[in-house]
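Novice: First, the structure itself, so that you have it in front of you.
The values are calculated or read from the model by the stated rules, or taken from the named source; none is laboratory data. Given the structure is predicted, the values throughout are model-derived calculations rather than measurements. For neighbour counting, all protein chains shown are included, and Cβ atoms are generated from backbone atoms with ideal geometry for every residue, glycine included. Ligands, DNA and RNA are stripped out before the accessible areas are found, and what is left, the full protein with its side chains, is counted by its heavy atoms. Shrake-Rupley method; radii C 1.70, N 1.55, O 1.52, S 1.80 Å.
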Amino acid sequence: MKQLHVTGPSRRKFLKLAAGSAAIAAISEPAPVQAQITTKARIVIIGAGAGGTALANRLVRRLVGAQITLVDPRKEHLYQPGLSLVATGLKPAGYVVSRTTDWLPSEVRLIQEAAVAIDPVAKTVATADGQTLQYDYLVAAPGLALDNDAIEGFSLDMVGRDGIGALYAGPEYAEKTWQAASKFSETGGVGLITRPETEMKCAGAPLKHTFLIDDITRRASNRSKAEFVYAAPQGALFGVPIVAEKVRMLFADRAIETRMHHKLQSIDAGRKRAIFAD
Ligand SMILES: Cc1cc2nc3c(=O)[nH]c(=O)nc-3n(C[C@H](O)[C@H](O)[C@H](O)COP(=O)(O)OP(=O)(O)OC[C@H]3O[C@@H](n4cnc5c(N)ncnc54)[C@H](O)[C@@H]3O)c2cc1C
């Protein structure tokens, strides 16, 4: 049986529906009215991050009678785009942290355990505490794992010391990154910003960090004491050509040097040296 969804969403429901990249489209165009579907499907979603949470909200709106289960050991939801603001002192660390349950409709069951195994033949997911979840449909949305060990000589406990920053690993590290960056914006020196060769959570984040720290250093009238170098393994500053060209022009305007085709291999924290694969 199909039902038409006709009621307008409340602001909170709208925000839930629009979570993630769908937000821009939903704000610029009215959401199309979609038919609801009645089903007894058991849907398991691994990961209650931006993707899993947004999908769970959408499914609740579309499906009547479905059993939707999210599996994630983390109680907190991290608004990761906000890490760029924490790492530049514009927001406190707590700005990016909320409770996962704040974003879930009551129809969704949240199991606060890690998924440890999937059996696609039996259609089950095993959790760390020994539960076996049956599914008809499975969505795996566990996000990306950071490979900090890929940089020789680097570990997360170094962040915030010896001028080292790394903003991807969470609010604590973004805050420590600001401690190092804030000192740099006062004293100057060589500010080296890198990005990995692999896929990453946000290719714009190192660019945003470069622009913001440059701006903060200028506002503190210390820009003449600072040298900015942006080094990346890729041949362009961004994957979308028109954006790459705009960033190239803005970097030139702001005297931010670039070293393309440079893959960071290791760091020597004591001597403040970065060694590249070439
Ligand atoms: C610094 C930074 C800046 C960013 N800026 C932007 C931006 O400006 N615009 C933009 O669109 N995007 C931005 N992003 C990217 C955006 O945050 C990610 O694309 C998005 O969070 C990915 O969502 P996800 O659901 O795939 O993964 P995540 O949000 O990382 O969620 C994955 C979830 O899976 C859980 N999980 C992992 N393993 C298991 C397991 N075995 N069992 C159960 N659960 C598990 C984790 O606990 C986590 O909650 C940024 C990211 C960073 C780090």
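Novice: Would you be able to say whether some residue in region 69-87 is outside any strand (DSSP E or B), within 23 Å of Lys123 (Cβ to Cβ) and aliphatic (A, V, I, L, M)?
Specialist: For region 69-87, residues outside any strand (DSSP E or B), within 23 Å of Lys123 (Cβ to Cβ) and aliphatic (A, V, I, L, M): absent.
Novice: For region 65-98, enumerate the residues that are of a type in the set (A, V, I, L, M) and at positive phi.
Specialist: Hits for region 65-98: nothing passes.
Novice: Could you list, in sequence order, all residues of region 75-109 that are basic (Lys, Arg) and over 30 Å from Gly65 (Cβ atoms)?
Specialist: Lys91, the sole residue that qualifies.
Novice: Here is a further query. If we keep just the residues of region 95-105 that are part of a helix (DSSP H, G or I) and of a type outside the set (D, E, K, R), which is nearest to the ligand (Cβ to nearest atom)?
Specialist: Thr100
Novice: In this structure, does Ala169 turn out to be free of Cβ contacts under 8 Å to residues at least 12 places away in the same chain, of a type outside the set (S, T, N, Q) and outside any helix (DSSP H, G or I)?
Specialist: So Ala169 does not fit the description; no.
Novice: Turning to a different aspect of this structure: If you take the residues of region 106-159 that are open to solvent by less than 40 Å² (accessible area, probe 1.4 Å), outside any loop (DSSP other than H, G, I, E, B) and small (Gly, Ala, Ser), which of them is nearest to the ligand (Cβ to nearest atom)?
Specialist: Looking at the filtered set, the residue picked out is Ala115.
Novice: Sticking with this structure for a sec: Where the second residue is at pLDDT 95 or above and open to solvent by 90 Å² or more (accessible area, probe 1.4 Å) and the first is on the phi > 0 side of the Ramachandran plot and of a type in the set (A, V, I, L, M, F, W, C) and lies in region 180-194, which pairs have Cβ atoms under 8 Å and are six or more apart or on separate chains?
Specialist: If the second residue must be at pLDDT 95 or above and open to solvent by 90 Å² or more (accessible area, probe 1.4 Å), no pairs are left.
Novice: If a residue has to be open to solvent by less than 10 Å² (accessible area, probe 1.4 Å) and within 13 Å of the ligand (Cβ to nearest atom) to count, how many in region 178-205 make the cut?
Specialist: Adding up the residues that qualify gives 1.
Novice: Mind telling me which of the residues Pro81, Pro32, Pro73, Pro92 ends up being away from the ligand (no atom under 14 Å from the Cβ) and either at pLDDT 95 or above or surrounded by 14 or more Cβ atoms within 10 Å (Cβ to Cβ) (or both)?
Specialist: Only one candidate passes the filter, namely Pro92.
Novice: Here is a follow-up. For region 232-242, give me each residue that is within 20 Å of Phe276 (Cβ to Cβ) and either open to solvent by 80 Å² or more (accessible area, probe 1.4 Å) or of a type in the set (A, V, I, L, M) (or both).
Specialist: Ala232, Ala236, Leu237
Novice: Name the one entry in Glu245, Glu175 that is assigned to a helix (DSSP H, G or I), open to solvent by 60 Å² or more (accessible area, probe 1.4 Å) and farther than 29 Å from Leu78 by Cβ.
Specialist: Only one candidate passes the filter, namely Glu245.
Novice: Quick one: which residue in Ile213, Ile193, Ile164, Ile242 is out of contact with any helix residue (DSSP H, G or I) (no Cβ under 8 Å at 6 or more places or on another chain), hydrophobic (A, V, I, L, M, F, W, C) and modelled with pLDDT of 95 or more?
Specialist: Within the list Ile213, Ile193, Ile164, Ile242, the selection yields Ile242.
Novice: While we're looking at this one, here's another question. Across region 92-120, what is the number of residues that are under 17 Å from Arg61 (Cα atoms) and either of a type in the set (Phe, Trp, Tyr) or in contact with a Phe, Trp or Tyr (Cβ under 7 Å, 6 or more places away or on another chain) (or both)?
Specialist: Result for region 92-120: 1.
Novice: Now a separate question. What number of residues in region 95-105 are over 16 Å from Ile45 (Cβ atoms) and surrounded by fewer than 17 Cβ atoms within 10 Å (Cβ to Cβ)?
Specialist: 5
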